[in-house]
Amino acid sequence: MAEPFLIIIAAVFLLAGFVKGVIGLGLPTVAMGLLAVSMPPAHALAIVIVPAIVTNIWQTFVGPYLRDIIRRLWTLMVGTIIGIWFGAGLLTAPYAHYGPIVLGILLVIYAVIGLSKFNFHVAARNEEWIGGIVGLVTGVVSAATGVQVIPSMPFMQAIGMEKDELVQALGVFFTVATVSLAFNLTSAGLLTAATALPGAVAMAGSFAGMFIGQAVRSRLEPEAFRRWFLIAMILLGIYLAGSATYNVLASK
């Protein structure tokens, strides 16, 4: 593995970890978008997956809400596992490169609606069955793109999770989703010894970025956090759709 490429990986994951530290998600989205410029999405995900799992596990246990999160989100997580299993192979399918474009557009739409103060709300009595459906859709989207934020993240906000609870909930959910994705990658033969070194560099960069990002998040007021969270979603969405569109056009 060439040294310049490892430096690029470290820089990519430092940025991705910072975004995750501030808003609680975005590591796979940012890293996948940047790495996909120089490699197929499936290979990029093979580098992203281990740092994503480890940082999500870390995020899972930073906070006092774990038991309540599992009680409220279990159908979402089960549905996501089923959706990822059902969508196995989509990431390497002929039209897989169009998935990130659609996902990026959805992220922008969601964030623009959020900034307009139009709030979705899911009543407590409906959380379980709606969560299961949202999980199935999220699982299939994740299997096709390697990203798990749509529609799971809007759902978690719609059931009333705010700031630190939402960040921990994202850690719990993404841990389950990325572990499930890892099984898909293993079955496809994409997780090999060749990804060990770039994966280790990626993990170091991710944790460094996360620590910096968490320090920034602790200084934000709840409304400021929400605003920057949604602005970050717009930027992530534009970047994801833009980079994927560039890759599609460049391949023709």
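The values are calculated or read from the model by the stated rules, or taken from the named source; none is laboratory data. Quick caveat, the model's predicted, so the values are computed rather than measured. Quick reminder, even Gly has a Cβ in these numbers, built from the backbone with ideal geometry, and neighbours come from all protein chains shown. All accessible areas refer to the heavy atoms of the entire protein, side chains included, with ligands and DNA or RNA removed. Shrake-Rupley method; radii C 1.70, N 1.55, O 1.52, S 1.80 Å.
Numbers at a glance
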| read-out | value |
| --- | --- |
| Compactness of region 40-127 - radius of gyration and Dmax, Cα, Å | 16.5, 43 |
| Per residue solvent-accessible surface (Å²) - region 1-144, probe of 1.4 Å | 49 |
| Normalised alpha carbon radius of gyration of the chain [divisor 2.2 N^0.38 Å] | 0.94 |
| Hull volume in cubic angstrom per residue (convex hull over the Cα atoms of region 133-231) | 111 |
| Calculated over region 1-96: convex hull of Cα atoms, volume per residue (Å³) | 116 |
| Size of charge dipole - region 1-141 - debye, nearest 20, with Cβ of Lys, Arg +1 and Asp, Glu -1, no other charges | 320 |
| Distribution of pairwise C-alpha distances over region 169-221, 10 Å bins, in % | 20, 36, 33, 11, 2 |
| Cβ-derived FRET efficiency at R0 25 Å, ALA11 paired with VAL62, nearest 0.05 | 0.50 |
| SER187-TRP74 pseudo-label distance in nm [points 7 Å out on the Cα-to-Cβ vector] | 2.5 |
| Compactness of region 190-249 - radius of gyration and Dmax, Cα, Å | 16.2, 44 |
